[in-house]
Amino acid sequence: MTMRFYRSNPSHHHDFALVEVNDPGSIAEPDKWSMEPKRVGVNHIAIAYPDREAWLRQLEHLKANDVEFIVRGNHGMTHSAYIADPDGYGIEVLYDLPEEVWSADVDAALNYFEYLPPEEALEDTTDYQRFGPNEPEPVAVPGRVVTRESRTPS
């Protein structure tokens, strides 16, 4: 058995470990990952890149290696791409937006998501949707779906 350990900080042994399967052909095909899971368990893990440029480089690398972008979208606090690993687990690849974009209305930012069409997976803008009492509502862009649902109990 082969294991690989990965860490983001030298002060701890590892953040996650990967184990090689000795006979991959004996394993059933995993379910296709979805943002709306059909069973209880971990839906996805998130990997944050330090800045927009590093994130865009990673997206280009994934695309060059034929990794499928299952969902590409802009949250109110992050811009993200969702992919699946070979076992079917969802992985969110993201970068954090500047705090001044979302800090005036955290609830609105948490409940905002703009789905981007697959052909725009590698496109990104710094003209971020801003959230706050004096900020305009999101503008609908053809080919994109914007959702805003409040998760705050009334």
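Would you check which residues across segment 107-133 are without any contact (Cβ under 8 Å) to a residue 24 or more places away in the chain and more than 18 Å from the chain's Cα centre (by Cα) and list them?
Residues of segment 107-133 that are without any contact (Cβ under 8 Å) to a residue 24 or more places away in the chain, as a first pass: 119, 123, 125, 127.
Correct list: ASP127 only.
The helices (runs of 4 or more DSSP H) located wholly in segment 46-138 that include 2 or more residues which are over 26 Å from SER8 (Cα atoms) and touching a strand residue (DSSP E or B) at 6+ places or on another chain (Cβ under 9 Å) occupy 106-110.
Select from segment 72-94 the residues that are under 30 Å from GLU20 (Cβ atoms) and of a type in the set (Ser, Thr, Tyr) and write down the one among them that is surrounded by the fewest Cβ atoms within 10 Å (Cβ to Cβ).
Going residue by residue through segment 72-94, those that are under 30 Å from GLU20 (Cβ atoms) are 72, 80-94.
Then drop every residue that is not of a type in the set (Ser, Thr, Tyr), which leaves 80, 82, 89.
Numbers: SER80: 20, TYR82: 21, TYR89: 15.
Only one residue fits best here, namely TYR89.
Figure legend. Inter-residue proximity from segment 54-71: first residues under 14 Å from TYR82 (Cβ atoms), second residues assigned to a helix (DSSP H, G or I), beta-carbon distance below 7 Å, spacing 6+ or different chains. Indicated pairs: PHE69/PRO118. The single condition among (1) under 22 Å from TYR115 (Cα atoms); (2) at pLDDT below 85; (3) among the polar types (S, T, N, Q) that SER80 does not satisfy is (2).
Out of everything in segment 44-94 that is in contact with a His (Cβ under 9 Å, 6 or more places away or on another chain) and of a type in the set (Gly, Ala, Ser), what residue ends up being farthest from ILE27 (Cα to Cα)? Per the criteria, the residue is GLY73.
The values are calculated or read from the model by the stated rules, or taken from the named source; none is laboratory data. Every value quoted in this text rests on a predicted model; they were computed, and no experiment measured them. Glycine gets a Cβ as well: all are built from the backbone with ideal geometry, and neighbour counts include every protein chain shown.
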